[in-house]
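Student: Before I ask anything, let me first share the structure, which is written out below as structure tokens.
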Amino acid sequence: MKQSLLAAFAVVTGLASLTACSSPSSTTAPNPPSTSPAPTSGKVTINWAASPIANVGIRKQLIQLFEKANPSIKVNLISQPSSTDTNRASLITEISGGSTTPDVFMGDVVWPGQFAAQSLAEPLNKHFPASFFTRFAPGLVQGATIKGNVYAAPFFMDAGFLYYRKDLLQKAHLPVPKTWEQLQSEAKTLVSNKMVKYGFVWEGASYEGLTCNWMEYLTDAGGQVFNAQGKPNMDTPAAQHALSFMRGLITSGVSPQAVSVFQEPQAMNTFNNGQAAFLRNWDYAWANSQTPGQSSVVGKVGVVPLPTFAGHGARGYACIGGWDLYINPHSKHMAADLTFINWMTSVPAQTVLASQYSEIPTNATVQNSPAVRAKNPVLSIVGQTNLVARPAQNPYYAKVSTAIYTNVNAALAGQVSVSTALSQANAQLASAVGSSSL
Amino acid sequence: MRVNKLDRGYAIAGYAMVTPALLVIALVTLFPIGYSIYMSLNAIQSTYSGFQFSFIGLHNYAIIFGIAEFWQSLGFTTGYAIVTVVIELILGMLTALALNQPIKGRGFAVAAMLIPWTLITVISAQMWGYIFNPVYGVLNAILLQLHIIGQPILWLGLPNLAIPSLMVADIWKTTPFVTMILLAGLQLIPTELYEAARIDGASAVRVFFQVTFPLLRPSIGLAALFRILQAFGLFDLPFVLTQGGPGTSTESIAMLAYKALFNDGEFGPGTAVAVSTVVLVILLALVSLRALRTQVGEVES
């Protein structure tokens, strides 16, 4: 009897550990970061937390080049989860608990609102001169600015593109689609002629990436998440049009039902295996699809800006994604952190990112360099696309995005109707930006 | 049960001996729970110099109780716990009865059966992820080969399938645990009772319901208690397999707390969810223990 009582206690303990995690690991107040640079005479080691970039060995190469240029600083890579939500959860736990590591972390471009409100990032404008920020392409610094403070340095940019199989379109004598409707009918033709297994694959799982996909259809259809007054505005005819079209891609057999559980790797693999005619993915998908050994469609792929709805202008919208470099406010090596960020956003580092890995650089000089453009076909079409940002300039963006992707995903899965999904999303958006939310 | 003087003396000695252990438990269990309760009664702001608390009473609870998502995840978790525990008890009982027979290779069978239980849930969940995968999953491949289905099925992407799929993965993993507890209970039943029943000419079914089942009730209660408590902490399986989707249909209460605490940094409402779960689980544990105790009393008398 006593044993079972103790056992019961043990089980309760296990459950309670969930709540225990929420207690701050350190109750002592961490010192506010000093603005005077620490002496860098001896060798300093800083920890850089970053998730895998484009699933290739890019981080290690950049670290090697940095250490070569700055022999007094050693960089230790902390590999973060590739899921952006899990990555953020681990960073929030560490930094809100007062941990001094990581010193520098790579974070999503949609995080500054939340990280500023919860004091999880050091304002960079307090350390860098104003001239530092002029190296970035227009609009990027603004995205990391909250109430006059810049919380992150733009590292690389992502945008959504349409990848297509040149060989299949050629064989079927079809043009590269300019509208979503055209894409749908061409994909249908290719599938029904048994030329390819799936027509169009994209990211429809219940996660942040679906919010990006959604922003592209919604904005192109003329809709928006919040209206000019900041009120939720997703229950509109434009949103109906966008979501009905996305659901229609699945019901018409153009996209497999499986896209409602696809994240980037699943969509990418399906395309790389030659199982899909069209793919919506980020810029790095170019390098990814052209790497022999990991792709069976090398040399058969074309890339264009995303299509638009018929009658909605000449070109579609691409969601802006990408990653910034942030400093942990509790870091003990502020000077080395700044040196690291300065180098990572400099011309040499950004050239490596853009020419070897088909990322879009944030450094304006590199972005406009003809030599880099020649090596990166995605970069030369960035200028032809309309960019749309996610509604992230507020501390509640995490909840805003959850309200979007869970409801859009429910409609894609056929769990609820399009109109129910949109009215639910609207209600959840209202509570997300209100005070009484979870 | 009457407590006489001798028993009381034993009780005092017993308490003296468990005191060190209880102190450790208090430190690692009661303090975090107490601190979480304190956090759940405050509005918490994360600042550069640590957390700032301001007392707001039960406001965080008012927030979570007013949100449909909380009740939905509570409903999902409860339903999930009931269904999986009942099925696991039935399957566990059947396997335990089979393994209690003096059959050849019993040791091997018990060892093999324990493999699912010893796997870390995150690993076994990944494995089930490969089985259920809609594009290259094993399950779809087998069913397509056998012409049972004509189209690949999206096991984890549709709510009517995602919940049962999670349940299957859970039952596969934890039935061996139930079996082990029941098997231990079975082996404690004196063989004389069975011999007596056989001499009286009782049928196998009758022996089970008149001898085995009543004597096994404490073990069944214990297995059920363990499993219910575990099921209410459901996290890793949906976290790996569905991330709570489609929509929020497989979002357990622990995932909801995780999301509020570590994605949104909402420490007040997040701890309120966690504390509500703990209260619920403690109530369940007390009720189950109470039920267990009367059963033990009956058996002893």
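The values are calculated or read from the model by the stated rules, or taken from the named source; none is laboratory data. Keep in mind the model is a prediction, meaning the values are calculated, not measured. Cβ placement follows ideal geometry from the backbone for every residue including glycine, while neighbour counts extend to all protein chains displayed.
Student: Looking at the stretch A:115-123, can you tell me whether even one residue there is modelled with pLDDT under 90, assigned to a helix (DSSP H, G or I) and more than 30 Å from residue A:368 (Cα to Cα)?
Tutor: So far as the stretch A:115-123 goes, no, none of its residues is modelled with pLDDT under 90, assigned to a helix (DSSP H, G or I) and more than 30 Å from residue A:368 (Cα to Cα).
Student: Turning to a different aspect of this structure: Answer yes or no: is there a residue in the stretch A:139-161 that is hydroxyl-bearing (Ser, Thr, Tyr), farther than 30 Å from residue B:241 by Cβ and outside the structural domain of residue A:402 (by TED's automatic domain parsing).
Tutor: Looking through the stretch A:139-161, at least one residue is hydroxyl-bearing (Ser, Thr, Tyr), farther than 30 Å from residue B:241 by Cβ and outside the structural domain of residue A:402 (by TED's automatic domain parsing).
Student: Could you check the stretch A:199-230 and list, in sequence order, the residues that are of a type in the set (Ser, Thr, Tyr) and over 25 Å from the mean Cα position of the chain (by Cα)?
Tutor: None; the set is empty.
Student: Further question on the same structure: Condition first: more than 18 Å from residue A:58 (Cβ to Cβ), of a type outside the set (Val, Ile, Thr) and part of a helix (DSSP H, G or I). Can you find one or more residues in the stretch A:355-367 that meet it?
Tutor: Scanning the stretch A:355-367, I find at least one residue that is more than 18 Å from residue A:58 (Cβ to Cβ), of a type outside the set (Val, Ile, Thr) and part of a helix (DSSP H, G or I), so the answer is yes.
Student: Related question: I'd like the full set of residues that are within 11 Å of chain B (Cβ to nearest Cβ), touching a Gly at 6+ places or on another chain (Cβ under 9 Å) and not in a loop (DSSP other than H, G, I, E, B), limited to the stretch A:56-108.
Tutor: A:84, A:87, A:88, A:91, A:92, A:96
Here is a yes/no grid of residues against (1) surrounded by fewer than 20 Cβ atoms within 10 Å (Cβ to Cβ); (2) modelled with pLDDT of 95 or more; (3) hydroxyl-bearing (Ser, Thr, Tyr):
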residue	(1), (2), (3)
A:60	yes, no, no
A:67	yes, yes, no
A:74	yes, yes, no
A:93	yes, no, yes
A:100	yes, no, yes
A:105	no, yes, no
A:110	no, no, no
A:113	no, no, no
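Student: Any chance the stretch B:246-258 includes a residue that's surrounded by fewer than 24 Cβ atoms within 10 Å (Cβ to Cβ), more than 7 Å from chain A (Cβ to nearest Cβ), in contact with a Leu (Cβ under 7 Å, 6 or more places away or on another chain) and on the phi < 0 side of the Ramachandran plot?
Tutor: Within the stretch B:246-258 (the criterion being surrounded by fewer than 24 Cβ atoms within 10 Å (Cβ to Cβ), more than 7 Å from chain A (Cβ to nearest Cβ), in contact with a Leu (Cβ under 7 Å, 6 or more places away or on another chain) and on the phi < 0 side of the Ramachandran plot), the answer is no, since none of the residues qualifies.
Student: Could you count how many residues in the stretch B:259-290 are closer than 25 Å to residue B:50 by Cα, charged (D, E, K, R) and more than 7 Å from chain A (Cβ to nearest Cβ)?
Tutor: Looking only at that region, the number is 1.
Student: What tally of residues in the stretch A:241-278 results from selecting those that are closer than 15 Å to residue A:185 by Cα and under 18 Å from the mean Cα position of the chain (by Cα)?
Tutor: Summing the residues that are closer than 15 Å to residue A:185 by Cα and under 18 Å from the mean Cα position of the chain (by Cα) in the stretch A:241-278 gives 0.
Student: Does residue A:409 count as buried (at least 23 other Cβ atoms within 10 Å of the Cβ) and not assigned by TED's automatic domain parsing to the domain that holds residue A:107?
Tutor: It is true that residue A:409 is buried (at least 23 other Cβ atoms within 10 Å of the Cβ) and not assigned by TED's automatic domain parsing to the domain that holds residue A:107.
Student: Show me the helices (runs of 4 or more DSSP H) found entirely inside the stretch B:146-225 where at least 3 residues are within 25 Å of residue B:285 (Cα to Cα) and in contact with a Phe, Trp or Tyr (Cβ under 9 Å, 6 or more places away or on another chain).
Tutor: Ranges flagged: B:159-188.
Student: Could you figure out which of (1) outside the structural domain of residue A:148 (by TED's automatic domain parsing); (2) crowded, with 19+ Cβ neighbours inside 10 Å; (3) on the phi > 0 side of the Ramachandran plot isn't true of residue A:358?
Tutor: The number of the failed condition is (1).
Student: I'm checking my understanding of the structure. Among residues of the stretch A:368-405 that are in contact (Cβ under 8 Å) with a residue 24 or more places away in the chain and out of contact with any helix residue (DSSP H, G or I) (no Cβ under 7 Å at 6 or more places or on another chain), which one is surrounded by the fewest Cβ atoms within 10 Å (Cβ to Cβ)? Spell out how you get there, then give the answer.
Tutor: The first filter runs over the stretch A:368-405 and keeps only residues in contact (Cβ under 8 Å) with a residue 24 or more places away in the chain, leaving A:376-379, A:381-382, A:384-405.
Checking the rest, the ones that are also out of contact with any helix residue (DSSP H, G or I) (no Cβ under 7 Å at 6 or more places or on another chain) come to A:381-382, A:384-387, A:402.
Numbers: A:381: 17, A:382: 19, A:384: 11, A:385: 18, A:386: 17, A:387: 14, A:402: 27.
That would be A:384.
Student: Among the residues of the stretch B:227-242, write down those that are within 12 Å of the chain's Cα centre (by Cα) and either more than 10 Å from chain A (Cβ to nearest Cβ) or of a type in the set (Phe, Trp, Tyr) (or both).
Tutor: B:231, B:232, B:234, B:235
Student: Still on this structure, please answer the following. Being of a type in the set (Val, Ile, Thr) and not in a helix (DSSP H, G or I) is the filter here; which residues of the stretch A:191-213 pass it?
Tutor: Once the filter is applied, which keeps residues that are of a type in the set (Val, Ile, Thr) and not in a helix (DSSP H, G or I), the stretch A:191-213 yields A:196, A:201.
Student: Right, here's the next one. Test of understanding: among A:82, A:51, which residue is polar (S, T, N, Q), surrounded by fewer than 16 Cβ atoms within 10 Å (Cβ to Cβ) and either farther than 14 Å from residue A:341 by Cβ or not assigned by TED's automatic domain parsing to the domain that holds residue A:264 (or both)?
Tutor: Numbers: A:51 fails: surrounded by fewer than 16 Cβ atoms within 10 Å (Cβ to Cβ).
Step by step, each of A:82, A:51 is checked, and only A:82 is polar (S, T, N, Q), surrounded by fewer than 16 Cβ atoms within 10 Å (Cβ to Cβ) and either farther than 14 Å from residue A:341 by Cβ or not assigned by TED's automatic domain parsing to the domain that holds residue A:264 (or both).
Student: For the stretch B:1-93, which fully contained helices (runs of 4 or more DSSP H) count at least 2 residues that are touching a Pro at 6+ places or on another chain (Cβ under 8 Å)? It would help to see each step written out before you state the result.
Tutor: Numbers: elements: B:5-25, B:31-40, B:59-65.
Filter on the stretch B:1-93 gives B:59-65.
Student: Related question: If the requirement is being small (Gly, Ala, Ser), over 22 Å from the mean Cα position of the chain (by Cα) and over 30 Å from residue A:414 (Cβ atoms), which of these qualifies: B:260, B:291, B:224, B:202?
Tutor: The unique qualifying residue is B:202.
Student: For the stretch A:333-354, how many residues are outside any helix (DSSP H, G or I) and of a type in the set (Val, Ile, Thr)? Working first, answer last.
Tutor: The first filter runs over the stretch A:333-354 and keeps only residues outside any helix (DSSP H, G or I), leaving A:333, A:345-346.
Subsequent filtering for residues that are of a type in the set (Val, Ile, Thr) retains A:345.
Residues in the stretch A:333-354 being outside any helix (DSSP H, G or I) and of a type in the set (Val, Ile, Thr): 1 in total.
Student: State which residue is farthest from the other protein chains (Cβ to nearest Cβ) when the search covers only the stretch B:37-67 and only residues that are closer than 27 Å to residue A:433 by Cβ and among the polar types (S, T, N, Q).
Tutor: B:54
Student: What number of residues within the stretch A:147-168 are more than 20 Å from residue A:215 (Cβ to Cβ) and in contact (Cβ under 8 Å) with a residue 60 or more places away in the chain?
Tutor: 9
Student: Still on this model: Which of the residues spanning the stretch B:120-154 are over 28 Å from the mean Cα position of the chain (by Cα), away from chain A (no Cβ under 12 Å) and surrounded by 17 or more Cβ atoms within 10 Å (Cβ to Cβ)?
Tutor: Result: no residue meets the conditions.
Student: Which residue, of B:222, B:284, is surrounded by fewer than 21 Cβ atoms within 10 Å (Cβ to Cβ), modelled with pLDDT under 90 and of a type in the set (A, V, I, L, M, F, W, C)?
Tutor: B:284
Student: Then there's this: What's the number of the only condition in (1) in contact with a helix residue (DSSP H, G or I) (Cβ under 7 Å, 6 or more places away or on another chain); (2) under 25 Å from residue B:47 (Cα atoms); (3) assigned to a strand (DSSP E or B) that residue A:155 fails to meet?
Tutor: Of the numbered conditions (1) in contact with a helix residue (DSSP H, G or I) (Cβ under 7 Å, 6 or more places away or on another chain); (2) under 25 Å from residue B:47 (Cα atoms); (3) assigned to a strand (DSSP E or B), the odd one out for residue A:155 is (2).
Student: Taking the criterion of being in contact (Cβ under 8 Å) with a residue 40 or more places away in the chain, among the hydrophobic types (A, V, I, L, M, F, W, C) and more than 24 Å from residue A:119 (Cα to Cα), would at least one residue in the stretch B:8-28 satisfy it?
Tutor: Checked against the condition, which is being in contact (Cβ under 8 Å) with a residue 40 or more places away in the chain, among the hydrophobic types (A, V, I, L, M, F, W, C) and more than 24 Å from residue A:119 (Cα to Cα), the stretch B:8-28 yields no hits at all.
Student: Only residues in the stretch A:209-235 that are farther than 24 Å from residue A:159 by Cβ count as the first member; pair them with residues that are of a type in the set (Val, Ile, Thr) and surrounded by fewer than 22 Cβ atoms within 10 Å (Cβ to Cβ), Cβ under 8 angstrom, at least 6 apart or cross-chain, and list the lot.
Tutor: A:230/A:433; A:232/A:433
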